[in-house]
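These notes concern the structure reproduced below.
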Amino acid sequence: MTSSLTLTEIAQKLGGEVCGDSGAKFSQVASLQTANAEQIAFLTDSKYLSQLNSTRAGAILLSAAHTDVTSLPRIVVDNPYAYYARVAALFNTESTPAGIASSASLAVDAKVAASASVGEYAVIEAGAVIGEGAIIGNACFIGRDAVIGTGSRLYPHVTVYHHCQVGRDCVVHSGVVIGGDGFGFAEDAGQWIKIPQIGRVMIGDSVEIGANTTIDRGALDDTVIEDGVKLDNQIQIAHNCRIGAHTAIAGCVGIAGSARIGRHCKIGGAAMILGHLEIADNVTISPGSMVTRSLPQAGVYTALLPLQAHEDGIKTAVHIRQLNVLVERVANLEKELKQLKELKSLKEQKT
Amino acid sequence: MTSSLTLTEIAQKLGGEVCGDSGAKFSQVASLQTANAEQIAFLTDSKYLSQLNSTRAGAILLSAAHTDVTSLPRIVVDNPYAYYARVAALFNTESTPAGIASSASLAVDAKVAASASVGEYAVIEAGAVIGEGAIIGNACFIGRDAVIGTGSRLYPHVTVYHHCQVGRDCVVHSGVVIGGDGFGFAEDAGQWIKIPQIGRVMIGDSVEIGANTTIDRGALDDTVIEDGVKLDNQIQIAHNCRIGAHTAIAGCVGIAGSARIGRHCKIGGAAMILGHLEIADNVTISPGSMVTRSLPQAGVYTALLPLQAHEDGIKTAVHIRQLNVLVERVANLEKELKQLKELKSLKEQKT
Amino acid sequence: MTSSLTLTEIAQKLGGEVCGDSGAKFSQVASLQTANAEQIAFLTDSKYLSQLNSTRAGAILLSAAHTDVTSLPRIVVDNPYAYYARVAALFNTESTPAGIASSASLAVDAKVAASASVGEYAVIEAGAVIGEGAIIGNACFIGRDAVIGTGSRLYPHVTVYHHCQVGRDCVVHSGVVIGGDGFGFAEDAGQWIKIPQIGRVMIGDSVEIGANTTIDRGALDDTVIEDGVKLDNQIQIAHNCRIGAHTAIAGCVGIAGSARIGRHCKIGGAAMILGHLEIADNVTISPGSMVTRSLPQAGVYTALLPLQAHEDGIKTAVHIRQLNVLVERVANLEKELKQLKELKSLKEQKT
């Protein structure tokens, strides 16, 4: 199922300059430490140079700066890590045969492209459209009038609610729920009246969504995930958020309703972003940070509580709680010292 | 599928005073900014008054205080936001035809009401009861002796373990797991002995549960979610918790075992509540706050770390870690200043 | 379905010293407060001694230290809580009949042991192996060449991706996703190039995994969960992590890529562990703590922000943000006081 290629054949596909192609065929990538003679390793950072001496890899991907550090067959490229990603894709992409599993349940007017694949027990409801080459995993649910774009892959157990759209070449992992109702209720005499959520989720092209991530449909307008966004596992994106193109969000992040995240942002794991905030392009949020205000400027933002031995951590919490007292004590000291100095200066004037 | 109604017809159903009914029929709601002439918008706050000038909405829902701010056809009501929710429900509730999908798997002694709907690949085990008008989505699993109340809707891929109960008129979104084992283990010589979790999950009426939320069954007694509770996505409720009626909990919240949350509480997103705590009625917890002690008084509670530019955030973390040193330095200053003043006062007495 | 046993029969199976066996048969456990005469309760801590007076339990499990505190029939054991767990297992383990549901989809070369049970709509792909006595719940997905060990139980809606392995006697709850792609992308000219994730997830024996927990497959090498690990609900374990044997992790925890957690650790709920860290054996992390550095020493570690009334919490956040200013003010005070004392001492020298 995987390809077997010489360095020259790889470079013909992906670019780069080959040094010392032995004609050997490769069919897998590996790290410098674990690669064998049939595998290609990669050097992305000078700190791994020492591993070159002991590597058993059959070939190396590296940058021009490192061309001469090894005599192994190699491909010299601008960005060895990205190049490694592309070589790995050459070797590890399997084709899924087109066709609809006999146990899948398709509405009469669902449109499934001829080259698409639909797994066992998948349900595709009325008006839904599945693009060319798309792969709908086992037991996925594609709701009424939903659209899955060309070349997108949904792993088993993905749920796409009615009217939601997934773009081209997306990857959606198991347990993802796209288009559940946003959390919208009107308070009325101590009870909550449900606000029907009639917007959609609109997902662009080349988006990846990790396992068990949830993206809610909009209340009136849509929730939007732009092209190239990468979402890790167990992320919660509330209704009417907009995530800008090529932003990457790590696991366990929560984004509250109507927040707008810019393009090319990086949101660290378990960070939380409150509702209705606006985050500029190129913002990086450190892991675990709570974002409580809009961030109109690019930059790195952090809220960090130090981890300590338990007894110290408890004492620190007490100190934090009493910070107002400490601030007052310092103000008192400043006042008293000032008085003392004034008194002294007065006395000195007198004398 | 949706209704089409005049303002007068709406008011006949939901109350409110109609001003200037043109006889036009409406079939959808929208915001002031996006509504067209066939849609009804709503004004909930004076800060949106300026949007009234440019709105293309065909009618407005507003409060008595705003009756005269527009000449558009309108319904004057006490709580425009709650009224909008009810109008939206009129326009956006679709009926699901009753019946059991041919591919569903029902135990012989499962009881499914005649007006209920059971989707493709759903499994309903022995002794389970599905109430009148309930909708069991595709591939849902309803375990042995579980009960789903009248009018409740389970979206696709919901799991209800054996013996658990969901009340009437509930909404349960995809990926929800009700009744998984609580996290109960006895430590024995460095290993963990599983404690069978033999309680149930008991969910009241009019509860909504967001996508991928999990509620564990009790260890010996039951985990209880009272009437009218609203749970957002990706919430974790551990065994033997009790959530009081009409409490609303935002996404990503975790509630540890045996915690008891009062009625009408509001728990912000990503807040965490430790086990065995008791939270009074009408408590509000700010997003991201860790609740480490019982809260016997109603009120708003907050634990908040400021977000800063990264360098400042790191320095702040260091300052926090060294708070004990700072407190000591202030105490020293106080002591020294006191000595200085005593010395001075002594000298002055002498002179 | 459950057993019915006398105290003597229980002790024959599980050890312990019986006092006053009445010959009565028991078939369930309960707490001291709720037990009836047909149920066995347990006393694990002196603080519950008062409940002994009013209990209606038919028998008690307790330690030698408490032998004489009751005249009820009892079993005296070393670890009453662990013993209770084992008694509860005797009474509450149900057997699932072996066999493959007619609607399950098995690849021709999948190997399912004769004593295994496969539920409705389960999918078992080519080359997968299901061990003796294993239970594959309804609509589970077992990918290509995956292995489920002897005696392991997967509740409905579990996803195990290709090549991943689950050991013996594991319990995996609904919504768990094992082996989704790790979050690996190479940045290239502002876009993210997907790095194929070709490692596996390898799970040891006697591991329990709570509902909707996700464990990602490794990038090149494997993600490893060792024997006896207990994972609660909604935990995210990123690619290439290793979790040491008998470590217990509470709900909502996130562990970033390549972190290595030791054996016998206890990670509190909602704690977060950054990537590439090493945590020693026997480390305890308090709930909600962010672990930002390796912890080479056993011990308890805590990062805790105090919860306060909202107004105080907001003021505290401001004080925290201005800690650098406070530190400077204290340093100024120290300097000025020192100058004052030097001046004084100088003057005194002069006089």
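Using a Gaussian network model of chain B whose springs link C-alpha atoms within less than 10 Å, name the residue from B:ILE178, B:ILE135, B:ILE314 with the highest mean-square fluctuation. With Cα springs under 10 Å in chain B, the top fluctuation among B:ILE178, B:ILE135, B:ILE314 is at B:ILE314.
Can you bin the range B:183-303 into rounded, prolate or oblate? Criterion: square roots of the alpha carbon gyration tensor eigenvalues sorted a ≥ b ≥ c, rounded for a/c under 1.5, prolate for a/b above b/c, oblate for the rest. It is prolate, given that a/c is not under 1.5 and a/b is the larger ratio. Both numbers refer to the Cα atoms of the range A:281-351; Rg and Dmax are 21.6, 66 Å. Of the residues B:ASP205, B:ASP109, B:ASP216, the one that moves most in a GNM of chain B with alpha-carbon contacts below 10 Å is B:ASP109. Relative contact order of the range B:93-163, taken over Cα pairs closer than 8 Å and 6 or more residues apart, is 25 percent. Name the shape class, rounded, prolate or oblate, that the alpha-carbon gyration tensor gives for the protein assembly as shown, where a ≥ b ≥ c are the square roots of its eigenvalues, rounded holds for a/c under 1.5, and otherwise prolate holds if a/b is larger than b/c and oblate otherwise. Since a/c stays below 1.5, the shape of the protein assembly as shown is classed as rounded. Pairing the Cα long axis of helix B:323-350 with the longest principal axis of chain B, what angle in degrees results, from 0 to 90 and rounded to the nearest 10? For B:323-350 against chain B, the angle is about 40 degrees. Each Lys and Arg Cβ is given +1 and each Asp and Glu Cβ -1; about its Cα centre, chain A then shows a dipole of about 1180 debye. Reducing the range B:9-49 and the range B:211-236 to their Cα centroids gives an inter-centroid distance of 36 Å. Ordering C:TYR301, A:TYR81, A:TYR121 by the number of other Cβ atoms within 10 Å of each residue's own Cβ, fewest first, gives A:TYR81, C:TYR301, A:TYR121.
For chain C, the relative contact order comes to 6 percent (Cα pairs under 8 Å, sequence separation of at least 6). Across the identical copies, the 7 Å label point of B:LEU14, projected outward along Cα→Cβ, sits 5.7, 5.7 nm from its counterparts, in ascending order. Relative to the longest principal axis of the Cα atoms of chain C, the long axis of helix C:80-92 lies at roughly 40 degrees. Each Lys and Arg adds +1 at its Cβ and each Asp and Glu adds -1 at its Cβ; summed about the Cα centre, the range B:1-113 shows a dipole of about 120 debye. Each Cα pair under 8 Å and six or more residues apart adds its separation to the average, and for the range B:119-206 the resulting relative contact order is 22 percent. The Cα atoms of chain C give a gyration tensor whose axes a ≥ b ≥ c have a/c of 1.5 or more with a/b no greater than b/c, which makes the shape oblate.
Take each residue of peptide B:114-125, count the partner chain Cβ atoms within 10 Å of its Cβ, and average: the result is 4.
Please report, for A:SER71, the nm distances (one decimal) from its label point, 7 Å out from Cα along the beta-carbon direction, to the equivalent points in the remaining copies, shortest first. Between copies, matching label points for A:SER71 lie 9.3, 9.4 nm apart.
Summary for B:SER3: label point 7 Å along Cα→Cβ; distances to the equivalent points in the other copies, ascending, 6.0, 6.0 nm. Count Lys and Arg as plus one, Asp and Glu as minus one, and take only other residues whose Cβ is under 13 Å from that of A:VAL201; the net charge is then -3. Of the residues C:VAL77, C:VAL291, C:VAL300, the one that moves most in a GNM of chain C with alpha-carbon contacts below 10 Å is C:VAL77.
Charged neighbours of B:VAL327, selected by a Cβ distance under 10 Å, balance to +2 (K, R count +1; D, E count -1).
Local charge for A:HIS264 was computed over the other residues whose Cβ lies under 11 Å away, with Lys and Arg +1 and Asp and Glu -1, and equals -1.
Take each residue of peptide B:157-170, count the partner chain Cβ atoms within 10 Å of its Cβ, and average: the result is 3.
Rule-based calculations on the coordinates, nothing more; no lab input. Note that the structure is predicted; figures quoted are calculated from it, not measured. All Cβ positions, even for glycine, are placed from backbone atoms using ideal geometry, and neighbour counts span all protein chains on display.
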